[in-house]
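Chemist: This is the structure, below, for whatever I ask next.
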Amino acid sequence: NYPAQVRLVEVGPRDGLQNEKQPLPAAVKIELVQRLQAAGLREIEVTSYVSPKWVPQMADNHQVMAGIERRTGVRYSVLTPNLKGFEAALADRPDEIVVFGAASEAFSQKNINCSIAESMERFAPVVQAALAAGIAVRGAMSCTVGCPYEGEIPPERVEMLAGLMKAIGVQRVDVADTIGVGTPLKVQRAIEATCKHYEIDRVSGHFHDTYGQALSNTLAALQMGVWNFQSSVAGLGGCPYAKGATGNVATEDLVYLLHGMGIATGIDLDALVDAGTFISDALGRPTGSRVARALLAR
Ligand code: HMG
Ligand code: MG
């Protein structure tokens, strides 16, 4: 019993590019967003308002947000770890902001330089301010199955984090397998734990493909009724604070899986492959999407 349609959040411009060592011109990022929305993506995570010392690639957040041609019906989201980030983002009128916490203390420290409890103190006023401004709020939950520093993460930690997110007013949450170590049953347990606090319609799957498990994990999540997923065109990405972790599942691969199952996404796969080719060429490397490689070889 699978959902009839799936909503995708394209995270390539943010999660995909944040780890790139070579500065990429803002114009390329803007063009990428343009191509993604032309391909039918209706939610795009554009950039983040974090410290440029920590993540130099996202330092052009204002430029990118100002440069994109906003379409009605498309939701543009951005990451904001604290009030400073939120205030900076506010000027650029995102439709949704994302606070990002972790189910692992060690990862929280490495990624955002504070404990899980402290992160909630920072997020709470951000969430309040966003909701007051009519901006939607999503919560990313990192390391929900495994952590690069702590190893396996039990579902109770995910349940706890989801409860904290709920308590501060976060409207929907991403169950993220930051380093791609998850397998279907573990991912299902993390989702189950999240569902102690959030209804399934408000839970999304954010799977990195480091161990090649992301599509299997997606199928496992679909079987639970999850119908929101995050992915990255061309399989771009990796988190700077999760060494060795590869990108999110490639959007092309995810769309191929879903369409093959008769699940609607509203996405034109050929146009999406073109967007993937555009950014792969800009980065000077082959696409990370198996589906794109297969289609381009026809
Ligand atoms: P901090 O050092 O604890 O912050 O960093 P602070 O408040 O002590 O400030 C220190 C300096 O940073 C000050 O500047 C602040 O102004 C500046 P200085 O006086 O030294 O010149 N600062 C900021 N600058 C710009 N924007 C801000 C901001 N806040 C403070 N918002 C902070 C805390 C969170 C800022 C830092 O740790 C940081 O930027 N971390 C980067 C986090 C990040 O972007 N990680 C990658 C995204 S998460 C991810 O990829 C996972 C996800 O995909 C899900 C998954 O797969 O798991 C979402
Ligand atoms: Mg991620």
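The values are calculated or read from the model by the stated rules, or taken from the named source; none is laboratory data. It should be emphasised that the depicted structure is a prediction, and the values quoted were computed from it without experimental measurement. Here the Cβ positions follow ideal geometry from the backbone for every residue, glycine too, while neighbour counts run over all protein chains shown.
Chemist: Take the conditions within 16 Å of ligand 1 (Cβ to nearest atom), buried (at least 24 other Cβ atoms within 10 Å of the Cβ) and farther than 22 Å from THR251 by Cα and apply them to THR178. Does it pass?
Modeler: When the stated conditions are applied, THR178 does not pass them.
Chemist: Please verify whether ASN111 is out of contact with any Lys or Arg (no Cβ under 9 Å at 6 or more places or on another chain) and either within 16 Å of ligand 2 (Cβ to nearest atom) or of a type in the set (S, T, N, Q) (or both), treating the condition exactly as stated.
Modeler: yes
Chemist: Looking only at region 120-154, count how many residues are farther than 13 Å from PRO81 by Cα, within 12 Å of ligand 1 (Cβ to nearest atom) and not small (Gly, Ala, Ser).
Modeler: Total satisfying the criteria: 6.
Chemist: Let me ask something else. In region 235-266, what residues are touching a Lys or Arg at 6+ places or on another chain (Cβ under 9 Å) and closer than 21 Å to ARG293 by Cα?
Modeler: GLY235, GLY237, ALA250, GLU252, ASP253, TYR256, THR265
Chemist: Just to be sure I understand, how many residues within region 275-288 are surrounded by fewer than 16 Cβ atoms within 10 Å (Cβ to Cβ) and over 30 Å from TYR149 (Cβ atoms)?
Modeler: Residues in region 275-288 being surrounded by fewer than 16 Cβ atoms within 10 Å (Cβ to Cβ) and over 30 Å from TYR149 (Cβ atoms): 3 in total.
Chemist: Enumerate the pairs (first residue in region 115-134 and more than 17 Å from VAL78 (Cα to Cα); second residue anywhere and loosely packed, with under 13 Cβ neighbours inside 10 Å and not aromatic (Phe, Trp, Tyr)) with beta-carbon separation below 8 Å, excluding pairs fewer than 6 apart on the same chain, so at least 6 apart or on different chains.
Modeler: So the pair list comes out as MET120/ALA167.
Chemist: Let me ask you something else. Of all residues in region 183-225, how many are part of a loop (DSSP other than H, G, I, E, B), over 15 Å from the mean Cα position of the chain (by Cα) and touching a residue at least 40 places away in the same chain (Cβ under 8 Å)?
Modeler: 1
Chemist: Tally the residues that are crowded, with 16+ Cβ neighbours inside 10 Å, out of contact with any His (no Cβ under 9 Å at 6 or more places or on another chain) and outside any helix (DSSP H, G or I), restricting the search to region 241-264.
Modeler: Number of matching residues: 3.
Chemist: In addition: So is GLU118 among the acidic types (Asp, Glu) and farther than 29 Å from ASP209 by Cα or not?
Modeler: Yes.
Chemist: While we're on this one: What number of residues in region 133-149 are surrounded by fewer than 24 Cβ atoms within 10 Å (Cβ to Cβ), outside any strand (DSSP E or B) and hydrophobic (A, V, I, L, M, F, W, C)?
Modeler: Total satisfying the criteria: 2.
Chemist: Oh, and also: Within region 44-62, identify whether any single residue is out of contact with any strand residue (DSSP E or B) (no Cβ under 6 Å at 6 or more places or on another chain), away from ligand 1 (no atom under 16 Å from the Cβ) and at pLDDT 95 or above, and answer yes or no.
Modeler: no
Chemist: Shifting gears a bit: Can you run down the residue pairs with Cβ atoms below 8 Å, 6 or more apart or on separate chains, where the first is in region 14-35 and within 20 Å of ALA271 (Cβ to Cβ) and the partner is more than 16 Å from ligand 2 (Cβ to nearest atom) and of a type in the set (Asp, Glu)?
Modeler: Note: pairs meeting the criteria are LYS29/ASP60; GLN34/GLU69; ARG35/ASP274.
Chemist: Looking at region 281-298 only, could you name the residues that are in a helix (DSSP H, G or I) and in contact with a Ser or Thr (Cβ under 8 Å, 6 or more places away or on another chain)?
Modeler: ALA292, ARG293, LEU296
Chemist: Show the residue pairs meeting these rules: Cβ distance below 8 Å; 6+ apart or different chains; first residue within region 245-257 and closer than 21 Å to GLY146 by Cβ and in contact (Cβ under 8 Å) with a residue 40 or more places away in the chain; second residue part of a strand (DSSP E or B) and among the β-branched types (Val, Ile, Thr).
Modeler: none
Chemist: Scan region 257-272 and tell me whether some residue there is within 16 Å of ligand 2 (Cβ to nearest atom) and not charged (D, E, K, R).
Modeler: No; the residues of region 257-272 include none that is within 16 Å of ligand 2 (Cβ to nearest atom) and not charged (D, E, K, R).
Chemist: Would you confirm, using the coordinates I've provided, whether ALA132 is in contact with a Phe, Trp or Tyr (Cβ under 6 Å, 6 or more places away or on another chain) and not basic (Lys, Arg)?
Modeler: Taking the combined requirement at face value, the residue does not satisfy it.
Chemist: Sticking with this structure for a sec: Kindly check whether there is at least one residue in region 112-129 that is farther than 25 Å from ALA190 by Cβ, surrounded by 17 or more Cβ atoms within 10 Å (Cβ to Cβ) and at pLDDT 95 or above.
Modeler: yes
Chemist: Among (1) over 17 Å from the mean Cα position of the chain (by Cα); (2) more than 14 Å from ligand 1 (Cβ to nearest atom); (3) in contact (Cβ under 8 Å) with a residue 24 or more places away in the chain, which single condition is GLN171 missing?
Modeler: (1)
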